[in-house]
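**Q** Handing you a structure now.
The values are calculated or read from the model by the stated rules, or taken from the named source; none is laboratory data. Just so it is clear, the model here is predicted, and its values are computed rather than measured. A quick note on method: Cβ atoms are made from the backbone with ideal geometry, for glycine too, and the neighbour counts reach across all protein chains shown. Accessible surface areas use protein heavy atoms only, side chains included; no ligands, DNA or RNA. Shrake-Rupley method; radii C 1.70, N 1.55, O 1.52, S 1.80 Å.
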Amino acid sequence: MRLGFLGAAGEVTGSCTLVESGDTRFLVDCGMFQGGPEARAKNLRALNFGFDVRQIDFVLLTHAHIDHSGLLPRLSMLGYKGPIYATPATIDLLEVLLPDSAHIQEKEAEWQLRHRHRRGKDERGIPAPLYTVAQALASLQLLRPVSFGVSLAPADNVKVQFHDAGHILGSAWLEIAVSGEGRPRKLVFSGDLGMPDRPVLRNPEKPPAEADVLVVESTYGDRTHRSLQETEDEIVDAFERTRAAGGNLIIPAFAVGRTQEIIYLLADLVRRKRLFPLKVYVDSPMANAATRITLAHPELLDAETRELIAWQQKHPDKMKLEFVADVERSKALNEIRSGAVIISASGMCEAGRIKYHLRENLPRSECSVLIAGFQAAGTLGRRLVDGARLVNIFSQPVPVRARIYTVGGLSAHADQAALLDWLGGFHSAPGTCFVVHGEAGASANFTQAINERFGWPDVRLPTPGESFAR
């Protein structure tokens, strides 16, 4: 059996692992690289397997985030026609996320074309989208639902079970048995693991007692998140400061997971009278759709969230929520000079309506920006977190006078302590543990933490494109 790490090795995005055993080939995730000018080149190279993609038998998808799913349309475009297995909630989200990803790429290409024409230049050098909306829609036809805990046999020599990872709606870690010569090999892919005892979703399920191969994420393998109480205090402080200054509070948020968690926390703080009644605008068509999908899957929500949803429905005046749909209404939000709470995507500030709200509000010292999620290197969100005083938005310089708050306790990713606790569910050391899905320093730090806590004999840091025989 051979594993090839095609992405998320030494970095956070582009998750994609090729598993080969005998005549069987399959992928675990097929994610897009994000952040920085080199991301496009990586995405173009990512599916260069050295063989026809039609030789891949099936794809297993841990969850819907674009850094795990975003190259599925390109895989289909290159000729793959096999099944893509995912949980029902993940499929519901992909029906929104993948066409939206294509739409953003098409609009970016159109904007660059208009910009070049205004400057008297032709379209040479403008990169084409990685895939179109039509190609994204075509890839959705390959999706096949698999519920948590159901045994799936996608090939004669492979059995798979999806288990709740508690990261975003429908997210899973995978337990895979691959048979061949000798006894079956058990592989475990963590996908992205959520923080236990956090709002909205259930806690991650514990791993099996043993595994021959473990592939584990390390996004926050080098740090511990702030407690939920500290996070709430920071949010209240940001709201009170912004209200006193007479400005707006802008919250970049991932449309799936983070937006719903922020809505929960704000409603809960209002319910407990830690915040005054609010007017909140959710300005992201994708987040609006993701929220509807979340409400359609109450079986995946924790009991506290179901209770808070019932409270909010009984007291809509306490936190007035407006889900902004059309573009004109979105533009009108930028005429509001104070008192607005605007939640918008994308979470790393690289695309979507959030860029317009940042352009209008960053120069205003009375406003605040609440960064509530991971910001990959090279992104606009990362530059704000790192203290940039001047940023470029739509090729125009924008001064940063607004106060930037970074709230670490809202991460949908498990921190180092939670990751180690999850690994503690193994009764014996995995044959080989591969640490992935983290920036180089975080992954190296987490590898050291694994060695110090468990003393596992074979913990490795794969490099991009590296393959291992097991």
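**Q** Kindly check whether there is at least one residue in segment 346-354 that is open to solvent by 80 Å² or more (accessible area, probe 1.4 Å), under 27 Å from residue 233 (Cβ atoms), in contact (Cβ under 8 Å) with a residue 60 or more places away in the chain and part of a helix (DSSP H, G or I).
**A** no
**Q** Among (1) part of a loop (DSSP other than H, G, I, E, B); (2) at pLDDT 95 or above; (3) open to solvent by less than 30 Å² (accessible area, probe 1.4 Å), there is one condition residue 195 misses while meeting the rest; what is its number?
**A** Failed condition: (2).
**Q** Just to verify a result, which residue in segment 364-378, among those that are more than 17 Å from residue 243 (Cα to Cα) and in a loop (DSSP other than H, G, I, E, B), is farthest from the chain's Cα centre (by Cα)?
**A** Ranking the qualifying residues of segment 364-378, first place goes to 378.
**Q** With under 23 Å from residue 426 (Cβ atoms), without any contact (Cβ under 8 Å) to a residue 12 or more places away in the chain and of a type in the set (Gly, Ala, Ser) as the only criterion, which of 151, 190, 179 stands out?
**A** None of the other options fit; the residue is 151.
**Q** To continue, here is another question. May I ask you to verify whether residue 210 is out of contact with any Phe, Trp or Tyr (no Cβ under 8 Å at 6 or more places or on another chain) and either surrounded by fewer than 24 Cβ atoms within 10 Å (Cβ to Cβ) or assigned to a loop (DSSP other than H, G, I, E, B) (or both)?
**A** When the stated conditions are applied, residue 210 does not pass them.
**Q** How many residues, within segment 358-395, are among the hydroxyl-bearing types (Ser, Thr, Tyr), buried (at least 17 other Cβ atoms within 10 Å of the Cβ) and out of contact with any Leu (no Cβ under 8 Å at 6 or more places or on another chain)?
**A** Qualifying residue count for the region: 1.
**Q** Ok, one more. For segment 226-247, does any single residue satisfy the condition of being at pLDDT 95 or above, open to solvent by less than 10 Å² (accessible area, probe 1.4 Å), in contact with a helix residue (DSSP H, G or I) (Cβ under 8 Å, 6 or more places away or on another chain) and not in a helix (DSSP H, G or I)?
**A** Yes.
**Q** Also: Could you check segment 396-438 and list, in sequence order, the residues that are open to solvent by 20 Å² or more (accessible area, probe 1.4 Å), assigned to a loop (DSSP other than H, G, I, E, B) and either closer than 26 Å to residue 245 by Cβ or touching a helix residue (DSSP H, G or I) at 6+ places or on another chain (Cβ under 7 Å) (or both)?
**A** Listed by number, the residues that qualify are 401, 429.
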